[in-house]
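Chemist: Before I ask anything, let me first share the structure, which is written out below as structure tokens.
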Amino acid sequence: MIRKCNETDLKDIYHIINDSVAAYKGKIPNDRYHEPYMTMEELKSETNDGVIFWGYEENNSISGVMGIQEKNDVSLIRHDT
């Protein structure tokens, strides 16, 4: 099931984003790649800036997320893992 995430999901979102970015190590420019790729503070800042996360949940566990941010007349896909 795909559902809108909430503040209680932030820890899971954090882990999913940072675990999945490992697949791009060596493809993301070295000056952009760091671990963790996104800190918890950066994640909270993104949600405060209007990024809404949607998660794929199965057996009460989120295994994938997508962040969407509305800016003027466009919808930006900010994260998908």
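The values are calculated or read from the model by the stated rules, or taken from the named source; none is laboratory data. What you are looking at is a predicted structure, and each value in this text was computed from that prediction instead of being measured. Here Cβ is always computed from backbone atoms with ideal geometry, including for glycine, and neighbour counts include all displayed protein chains. Quick note on the areas: whole protein, heavy atoms, side chains included, nothing else; ligands and nucleic acids left out. Shrake-Rupley method; radii C 1.70, N 1.55, O 1.52, S 1.80 Å.
Chemist: So in the range 1-11, with the set limited to residues that are open to solvent by 100 Å² or more (accessible area, probe 1.4 Å) and of a type in the set (A, V, I, L, M, F, W, C), which one is nearest to residue 72 (Cα to Cα)?
Modeler: Of the residues in the range 1-11, the ones open to solvent by 100 Å² or more (accessible area, probe 1.4 Å) are 1-2, 4, 7-8, 11.
Still in the list and also of a type in the set (A, V, I, L, M, F, W, C): 1-2.
Values: 1: 29, 2: 25 Å.
Taking the candidates together, the pick is 2.
Chemist: Tally the residues that are touching a helix residue (DSSP H, G or I) at 6+ places or on another chain (Cβ under 8 Å) and surrounded by 10 or more Cβ atoms within 10 Å (Cβ to Cβ), restricting the search to the range 12-58. So that I can check it myself, show each step before the final result.
Modeler: Our first condition is that a residue be touching a helix residue (DSSP H, G or I) at 6+ places or on another chain (Cβ under 8 Å); within the range 12-58, this holds for 13-14, 17, 28, 33, 35-38, 40, 43-44, 47, 53, 55.
Subsequent filtering for residues that are surrounded by 10 or more Cβ atoms within 10 Å (Cβ to Cβ) retains 13-14, 17, 28, 33, 36-38, 40, 43-44, 47, 53, 55.
Here the count works out to 14.
Chemist: Moving on. Considering only the range 30-58, state which residues are assigned to a loop (DSSP other than H, G, I, E, B), farther than 21 Å from residue 76 by Cβ and not hydroxyl-bearing (Ser, Thr, Tyr). Walk me through how you get there before you give the answer.
Modeler: Going residue by residue through the range 30-58, those that are assigned to a loop (DSSP other than H, G, I, E, B) are 30-39, 49-51.
Those still in the list that are farther than 21 Å from residue 76 by Cβ too: 30-31, 33-36.
Within the range 30-58, 30, 31, 34, 35, 36 meet the criteria.
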